[in-house]
Amino acid sequence: MNKVLKTDQEDISLILDEIKKYSADYLASLHDARTSHTDQDVNLEPLGDTGLGTSRTLDYFNENFRKIIVSSAGPRYWGYVVGGVTPAALAGDWLTSVFDQNTQTTHGSGDISAILEKQTIRLIAELFELPDVFNGGFVSGATMSNFTGLAVGRQWAGLQIGKDIARDGMSDEIVVLAATPHSSVIKSLSMLGFGSSKIIKIGTLPNREAMDLTVLERKLFQLQGKPVIISCSAGTVNTVDFDDLAAIAKLKEKYNFWMHVDAAFGGFAACSADYQYLVKGWEYADSITIDCHKWMNVPYDSAVFFTRKEHSKLQVQTFQNSNAPYLGDPLENFSYMNFLPENSRRFRALTAWFSLVAYGKEGFRSIVANSVNCAKAFGDYLEADESFELTAPVRLNVVCFKLKEAEKTPVFSDTLNKTGKVFMTPTVLNGEFCLRAAFVNYLTTREDVDFVFEEMKKIVRVL
Ligand SMILES: Cc1ncc(COP(=O)(O)O)c(C=O)c1O
């Protein structure tokens with residue numbers, strides 16, 4: 001063994017102590033750490049012949065890079081939809097690397113990881129009160145989950161017209177309908193050979209991002225006989241609008257289509273007695289996307305893909321690792337490799353499992369309630385203020401707004417984000433430049449909301 005590697009391996013306990021202290025120090029600084037850096041000037045050295053060993057590598061990292069790490073896991077990072085990391089999730093994630101499993105089979109190999117993954121999927125379904133009609137597995141993020149849902153939907157759609165797309169290649173007869181799909185749905189259509197431009201956009205309800213069901217039904221009527229996939233939104237990224245999933249599911253009585261639901265973060269509405277109505281009807285979906293690295297507050301990367309148990313055969317047709325016949329009949333000898341895109345797979349479930357077991361339903365209900373309360377409080381401040389204007393109602397956990405003097409919004413956004421005290425994502429809604437603040441981090445408090453609003457007022461005064 002290489003000398004440096006051997007010393008590291010012998011010193012593993014000391015190294016872990018050092019990393020533990022380093023991590024605890026970082027986490028203690030998270031509340032005040034900067035949410036952005038303007039100076040990203042770093043020295044990227046070529047690979048040395050002799051390695052530094054872990055301890056000196058940590059020093060090297062510390063001197064050169066640590067200072068420009070952004071506190072994206074902190075309480076005032078409100079950009080995109082970025083969750084934090086709960087202590088249990090951190091523990092689970094650390095152990096995921098310690099155990100270093102390649103999570104595949106639930107039978108015969110003596111490896112518990114796939115069994116625990118199945119159990120974790122069941123726990124997540126219980127958290128969301130989804131009926132026991134879904135199978136699922138972990139993927140890297142909602143993009144991959146949307147990809148997987150649309151891939152299995154594509155296989156289903158092909159079979160409606162007698163085509164085995166996984167085996168014989170793409171058919172251009174399949175139609176994908178959506179109202180306000182997330183960009184990752186469009187990206188998935190590119191990757192899957194549909195072509196990103198081929199999606200048919202269904203009109204939305206007035207001043208909404210949710211699908212107009214009259215328009216949808218008209219389209220379904222015209223498309224009778226064609227294989228159709230409907231990609232539904234359960235929480236659009238700008239205004240957290242929800243397609244009426246129950247009404248869309250009801251249309252299945254009259255029309256034949258695959259119903260995919262992108263509930264990347266909006267699915268967590270199911271954890272709230274006040275908001276669970278928003279996902280009513282998702283239990284009838286053919287496939288569902290849930291992100292864990294958003295509102296579940298587990299570290300990147302982690303998401304779940306759910307599909308109905310009756311679609312197992314379609315899943316295998318789509319993802320079977322068919323060049324390895326020695327693996328046996330995939331429907332009898334279960335291996336995740338035959339049900340999801342990746343072959344080798346990280347034991348991602350362990351991180352989510354730790355979180356679920358550690359905090360239970362109550363824990364996640366409280367995280368969701370806290371985020372929604374913070375979003376509402378922030379929305380109330382903006383609504384009551386003479387300088388700001390909400391550009392959409394605060395439906396759940398995202399606040400979308402602009403300055404009343406709309407032309408000043410871009411410079412306001414830039415100035416605010418450069419303070420390093422808060423980060424929000426610039427976006428465009430109805431052709432207008434806006435800012436959006438997404439609340440999903442369990443660390444965010446009402447004090448953070450008050451503090452940020454004060455900072456915003458200071459900037460507006462001198463703009
Ligand atoms: C509704 C929705 N779908 C999909 C995604 C893509 O998620 P990921 O970045 O985890 O792939 C996002 C990310 O914000 C999202 O909000």
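The values are calculated or read from the model by the stated rules, or taken from the named source; none is laboratory data. Values in this document were obtained by computation on a predicted structure and should not be read as measured data. Cβ coordinates were reconstructed from backbone atoms using ideal geometry, including for glycine residues, and neighbour counts include every protein chain displayed. Side chains are part of the model used for accessible areas, which takes the heavy atoms of the whole protein and leaves out ligands, DNA and RNA. Shrake-Rupley method; radii C 1.70, N 1.55, O 1.52, S 1.80 Å.
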Only residues that are within 16 Å of the ligand (Cβ to nearest atom), open to solvent by less than 40 Å² (accessible area, probe 1.4 Å) and part of a loop (DSSP other than H, G, I, E, B): list them for the range 79-102, please.
G79, V81, V82, G83, G84
From the residues in the range 233-271 that are open to solvent by 20 Å² or more (accessible area, probe 1.4 Å) and in contact (Cβ under 8 Å) with a residue 40 or more places away in the chain, which one is farthest from the chain's Cα centre (by Cα)?
N256
First in the range 140-165 and in contact (Cβ under 8 Å) with a residue 12 or more places away in the chain, second anywhere and away from the ligand (no atom under 16 Å from the Cβ) and hydroxyl-bearing (S, T, Y), Cβ under 6 Å, 6 or more apart:
A151/T318; V152/T307; V152/T318; Q155/T318; G158/S171
Determine which member of the set I112, I68, I12 is out of contact with any Phe, Trp or Tyr (no Cβ under 9 Å at 6 or more places or on another chain) and either among the polar types (S, T, N, Q) or in contact (Cβ under 8 Å) with a residue 24 or more places away in the chain (or both).
I68
Restricting to the range 129-179, name every residue that is assigned to a helix (DSSP H, G or I), of a type in the set (S, T, N, Q) and open to solvent by 20 Å² or more (accessible area, probe 1.4 Å).
T143, Q160
Any chance D448 is open to solvent by 20 Å² or more (accessible area, probe 1.4 Å), assigned to a helix (DSSP H, G or I) and not aliphatic (A, V, I, L, M):
no
Which condition breaks for S196 when tested against (1) within 16 Å of the ligand (Cβ to nearest atom); (2) closer than 24 Å to V394 by Cβ?
(2)
Total residues in the range 169-189, condition more than 16 Å from the ligand (Cβ to nearest atom) and either modelled with pLDDT under 95 or under 20 Å from L216 (Cα atoms) (or both):
6
Exactly one of D301, D291 is among the charged types (D, E, K, R), within 16 Å of the ligand (Cβ to nearest atom) and in contact with a helix residue (DSSP H, G or I) (Cβ under 6 Å, 6 or more places away or on another chain), and that residue is D291
Which listed residue, of D39, D17, D49, D8, is within 22 Å of P299 (Cα to Cα) and either loosely packed, with under 13 Cβ neighbours inside 10 Å or among the acidic types (D, E) (or both):
D17
Scanning the range 174-189 residue by residue, the ones that are over 18 Å from the mean Cα position of the chain (by Cα), small (G, A, S) and under 20 Å from W156 (Cβ atoms) total 1
Right, T318: among the polar types (S, T, N, Q), more than 27 Å from R436 (Cα to Cα), within 16 Å of the ligand (Cβ to nearest atom) and in contact with a helix residue (DSSP H, G or I) (Cβ under 6 Å, 6 or more places away or on another chain) or not?
no
Contact list please: Cβ distance under 8 Å, first residue in the range 449-460 and more than 15 Å from D32 (Cα to Cα), second residue open to solvent by 30 Å² or more (accessible area, probe 1.4 Å) and in a helix (DSSP H, G or I), pairs at least six apart or on different chains.
F453/Y381; I459/T415
